[in-house]
Amino acid sequence: ARVLDVVARCGKCVGAIGLVGGQVVDIQSEGKKDVTLATLQWIHEHKTAALLEFAVVGGGILAGANADQVNRLSKFAMNIGLAFQIIDDILDVTADSATLGKTAGKDLLVDKATYPKLMGLEASKARADELIAEAKIQLEPWGDKAAPLYALADFITARKN
């Protein structure tokens, strides 16, 4: 039953209501001036955050997590996923291509909606920090057993590429 649950979640993650849907809205939003913060969040909840949620929750389910634990893992992963994307957007405008390992400034070139564009750099960084703090609260019941997940959350805001 656990394996079947994880397989079903994988299908949801990558399908029309997951990665595919997020990518469609992302592409359709390029160059548009009326993209809202809510739309941007929806895009990344269905792309970056969905991938992290599948990985974290899938592992939890296979390890025997109960419904409350799965819910906590889901909230943790969605929060770090959004934070990851916010940091990615910040790095796109603040880092150079050599550091990033990809072309810096490409979001600006295609007039893509990004967190810094809609919120500014400082507010974007503050939001990423809030999301990481909220994510870590979800891990409290596990204490030290969640050390790898705490480390993952810390890596997301500390990364340089």
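Flag: ALA146 matches the condition of being without any contact (Cβ under 8 Å) to a residue 12 or more places away in the chain and open to solvent by less than 30 Å² (accessible area, probe 1.4 Å).
Within region 43-64, being surrounded by fewer than 17 Cβ atoms within 10 Å (Cβ to Cβ) and out of contact with any helix residue (DSSP H, G or I) (no Cβ under 6 Å at 6 or more places or on another chain) holds for ALA55, GLY59, ALA63, GLY64. If only residues of region 16-42 that are in a loop (DSSP other than H, G, I, E, B), surrounded by 12 or more Cβ atoms within 10 Å (Cβ to Cβ) and not aliphatic (A, V, I, L, M) are counted, the one that is farthest from the chain's Cα centre (by Cα) is GLU30. Taken over region 79-99, the residue count meeting the criterion of being in contact (Cβ under 8 Å) with a residue 40 or more places away in the chain and either more than 29 Å from LEU139 (Cβ to Cβ) or polar (S, T, N, Q) (or both) is 3. Which residue pairs have Cβ atoms closer than 6 Å, lie 6 or more positions apart in sequence or on different chains, and pair a first residue in region 102-117 that is touching a residue at least 60 places away in the same chain (Cβ under 8 Å) and loosely packed, with under 13 Cβ neighbours inside 10 Å with a second residue that is assigned to a loop (DSSP other than H, G, I, E, B) and of a type outside the set (A, V, I, L, M)? From residues that are touching a residue at least 60 places away in the same chain (Cβ under 8 Å) and loosely packed, with under 13 Cβ neighbours inside 10 Å, the pairs are VAL110/GLU30.
The values are calculated or read from the model by the stated rules, or taken from the named source; none is laboratory data. Nothing here was measured: the structure is a model prediction, and the numbers come from that model. Note that we place each Cβ from the backbone using ideal geometry, even for glycine, and neighbour counts take in every protein chain shown. These area figures cover heavy atoms from the full protein model, side chains too; ligands, DNA and RNA do not enter into them. Shrake-Rupley method; radii C 1.70, N 1.55, O 1.52, S 1.80 Å.
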